[in-house]
Each structure stands twice: as C-alpha cells, then as structure tokens.
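Chemist: Questions regarding the structure given below will be posed in turn.
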Amino acid sequence: MNKNIVIIEGDGIGPEVTRQSVKVLNAIAEQFGHEFNYHYCLMGADAIDKTGSPLPNDTIEASLNSDAILFGAIGHPKYDNDPTAKVRPEQGLLKLRKSLQLFANIRPVTTYPSLHHLSPLKAQNIENVDFIIYRELTGGIYFGKKETSADGNRAMDDCTYSREEIQRIAHLAFKNAQQRRKKLTLVDKANVLETSRLWRKVVKETSSQYADVSLDFLFVDNASMQIILNPKQFDVILTENMFGDIISDEASVISGSLGLLPSASVGNGSALFEPIHGSYPQAAGKDIANPVGSILSAAMMLDHFGLNKEAGLVRTAVNWTLDNGFVTKDIDPVNFYFTTTIGELISDFVSNKIPVGVNKENIELRKSTII
Ligand code: IPM
Ligand code: MG
C-alpha cells in the first residue's frame, strides 16, 4: 500500500515524540511491504516563529491532498498568559480542523494493568475500563460568532448546532458501538441548553437505525462525576465540542499517564492523528517525553488505512514495552528509559529484532548502546 502522510511535528515535545512514530511507521512499511511518503509541514508556535502564521497555506494544501496527517503537539507558554496576543498557535489547529472538516474527534480510554498504581483512581475501579469518546469537533461554541463590545466590558461566544452536524457524528459513534459493547451515552446539558435539546432529539431519532445499540443520556455535570466514580459503565460516549474537550481530558488521566493516549480526528477526506497530550514545554529537548501516545496515534492511522494487522502489531509492541517496564519518566521517575530508546524498542519489536524470551538485562545492555 502506498500512502502520503503529512507530518506536522509542531511545538514543545511534538518533534521528539513524532519522530518515534515515524521510526515505527518505517518499520511497519518495511515489514509489510508498504510505502509511506512523508511531507513535513508547519503549524503552531513553530509556524508563527518561522512564517508569522500559525497555519501556513502550504500546510492546508498538503493536508487536503494527503491520506492522513500525523501531528505532534501545539502551544507555547509565551502565548498562554497574554490575552492581547493577536496570533495564537491554537488557531492553527482549529483552522486545520475546520479546513479539512474533521468533525469527529475520537479518543479511546484504555487502562493497563501494569500501570494501575499510577491512576488517581483505586485499582478495583479501573480494571477493564475501556471506553471511547466521540467529540464533535467543528461546531458549537468553538466556532460560533465571537464578539467583544467596543468598551471591552462584554464578550460573547455563540453556540450553534445543526441537525446535519449532529447526525454525521452520531452515525460514526453508533457504528462503532455496534462493533463494541453496544452501548452509547449522549452527554449533554439538555436541562439548560437549547443546543443540547436538539442533540437529544436528533440522536434519539438516529438511534432507530441502530436497534442493537442501547442509548442513554447523562447531563455533563453528572457525567464528569460518573467518569471518576464508575468509569467501567461506559462504552461509547458521544458529546458536543466543548463538553468533549473537558471530559476527554478528565478521562485521560484514568489510565495513569496522559502520555499514553492517542486520538484521531476524522471527516470525509484526510484524517488527523495526534496524541492527546499538550506540548509540555518544560520537557522539550530532554528526551524524556512519552512517545506512546503518538505511536498509538500512528496505530489508529494504520487502522484508518484498513491495515488492522499492522496496527495490531504496533499495539502488541507497545504492550510489550509497558509490561516489561520499558517506560519513560512520567511512568517511572526512577528507572526510566529515554524517548528515543522507547521508540527504538517499539520499532525493533515490530521488525522482529527483539529475540524471543529476551530478558531485562539484555535490554539494559541495549539501553547503554542505544543512548
Ligand atoms: C484539544 C485541545 C484543543 C481544543 C486546543 C489546543 C485548541 O485542548 O485538542 O483537546 O480545545 O480542542
Ligand atoms: Mg483539550
């Protein structure tokens, strides 16, 4: 298979983690006889520094013409505390989502037995937690009319949704629920918001086409409590843009490290894959960031291409590192491995270069030669 992939390394730790995914993708390509062509593009603070724009036209153009985009991270502290900044890195990502019509952001939340001790929740509450969030990504308050009054004392962000915007993501979520445990929970605020009442109505109507999926509803305040109290109850969560932004960050810490979780943003054309963590500027350039979120995002990309066997191998390789304690500093602050080492280990596993029955000492030896 021949695929054109746009690589946007982005800000902070973005370049370091994305490079590990490219190593893994190259190992997959070699192992299975595929050809992945990479086209490097700019976005975010990095793009502002180099071109003055958070999303240069070249990036939009290349992304529209690609099969998929692998993205690192966005954001720089110099913009965060400056409400007067005219140009912001995040504008780049929002514009790319809109330009490519990436209307669904998909974030699986999985837990790993070897990492239960890192979770802020009790081990018994997170065993077998496995759910997936479908967050609407190109509508709602993020993209509504924004206004500040002339005197600067009043501001407004409009929240609008159309039936069509709700339907298209609802279909994706229901279809996925059919492949999973057949339960879909719509998270909204239908006791207060008109847009939420439209979501409920449209999702209920859509559910008649998916009779095998059970549908329930939760208000977002209750949902954020339930995600902590009993995360096992969820299978597929469907929600609008802003609620999805908030609950997906909340859900992401359940697994024990924000660094592990991947995401996909899909529309009708090219799709974008990125780890859910931010640019973590304090760690940039130190070779300590966790590349697993990015590598698992690359696995979601492989699934998106229909390369399920290849994606499965990447996941097996990741699980092998986690099970054997080959982890970065966020997971084990004392005995940790570097970003690049984890990338090597995972790509070597994919390439069959890790001997069967390898023990930790062998890797310790490799570690000293790799670093
Ligand atoms: C996310 C991020 C973005 C969002 C930011 C960087 C604009 O938090 O992808 O969840 O709010 O959507
Ligand atoms: Mg967010």
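The values are calculated or read from the model by the stated rules, or taken from the named source; none is laboratory data. Fair warning: this is a prediction, and the values are worked out from it, not measured in the lab. For neighbour counting, all protein chains shown are included, and Cβ atoms are generated from backbone atoms with ideal geometry for every residue, glycine included. Note: areas computed on protein heavy atoms with side chains; ligands, DNA, RNA excluded. Shrake-Rupley method; radii C 1.70, N 1.55, O 1.52, S 1.80 Å.
Chemist: Among 6-17, 120-131, 65-76, what's the highest-first ranking by average C-beta atoms within 10 angstrom per residue?
Modeler: Per-residue Cβ counts within 10 Å, averaged per peptide and sorted highest first, yield 6-17, 65-76, 120-131.
Chemist: Going by a ≥ b ≥ c, the root eigenvalues of the Cα gyration tensor, does region 9-67 fall in the rounded group (a/c under 1.5), the prolate group (a/b larger than b/c) or the oblate group?
Modeler: The shape class here is oblate.
Chemist: Suppose accessible area is computed on protein heavy atoms with a 1.4 Å probe; arrange 234, 219 from highest to lowest.
Modeler: In descending accessible area the options line up as 219, 234.
Chemist: Counting other C-beta atoms within 10 Å, and keeping those with at most 12, which DSSP coil trypsin sites (Lys or Arg not before Pro) do you find in region 45-101?
Modeler: Counting only loop positions with at most 12 other Cβ atoms within 10 Å, the trypsin sites (Lys or Arg not before Pro) in region 45-101 are 86.
Chemist: Hey, how many Å between the Cα centroid of region 252-315 and the Cα centroid of region 94-162?
Modeler: If you average the Cα positions of each part, the centres end up 16 Å apart.
Chemist: So which aspartates and glutamates pass the test for residue 353, namely a Cα distance under 20 Å, with those fewer than 8 places away in the same chain ruled out?
Modeler: 30, 310, 323, 344, 361, 364
Chemist: Calculate, axis by axis, the spread of Cα positions in region 86-179 along the three principal axes, and write the results as whole Å, longest axis first.
Modeler: Sorted from largest, the Cα extents of region 86-179 read 54, 31, 22 Å.
Chemist: Something else now. Using the beta-carbon distance between residue 85 and residue 208 and R0 = 45 Å, what value does 1/(1 + (r/R0)^6) give for FRET efficiency, to the nearest 0.05?
Modeler: Given R0 = 45 Å and the Cβ-Cβ separation, E is 0.45.
Chemist: Quantify, in whole percent, the carbon and sulfur part of the accessible surface of the chain (1.4 Å probe; protein heavy atoms only).
Modeler: 52 percent
Chemist: So what's Rg/Rh here for region 203-270, counting alpha carbon atoms and using the Kirkwood radius for Rh?
Modeler: 0.99
Chemist: Going from most exposed to least, what order do 320, 199 have by accessible area with a 1.4 Å probe?
Modeler: 320, 199
Chemist: Starting from the 7 Å offset along Cα-to-Cβ, what nm value, one decimal, do you get for the label separation of residue 200 and residue 168?
Modeler: With each label point 7 Å from Cα toward Cβ, the separation is 2.6 nm.
Chemist: Treat every Asp and Glu Cβ in region 56-215 as -1 and every Lys and Arg Cβ as +1, leave all other atoms uncharged, and give the resulting dipole magnitude about the Cα centre to the nearest 20 debye.
Modeler: In total the dipole reaches around 480 debye.
Chemist: Something else now. Would region 120-255 count as rounded, prolate or oblate if I go by the C-alpha gyration tensor, calling it rounded below 1.5 in a/c and otherwise prolate when a/b exceeds b/c, oblate otherwise?
Modeler: oblate
Chemist: Quick one: accessible area per residue over region 193-232, 1.4 Å probe, rounded to a whole number of Å²?
Modeler: On a per-residue basis, 54 Å².
Chemist: Find the eigenvalues of the gyration tensor of the Cα atoms of the chain, then list the square roots of 5 times those eigenvalues as equivalent ellipsoid semi-axes, largest first, in whole angstrom.
Modeler: For the chain, the semi-axes come out at 33, 25, 21 Å.
Chemist: OK, next. Sorting 1, 43 by accessible area (1.4 Å probe), largest first, what list results?
Modeler: 1, 43
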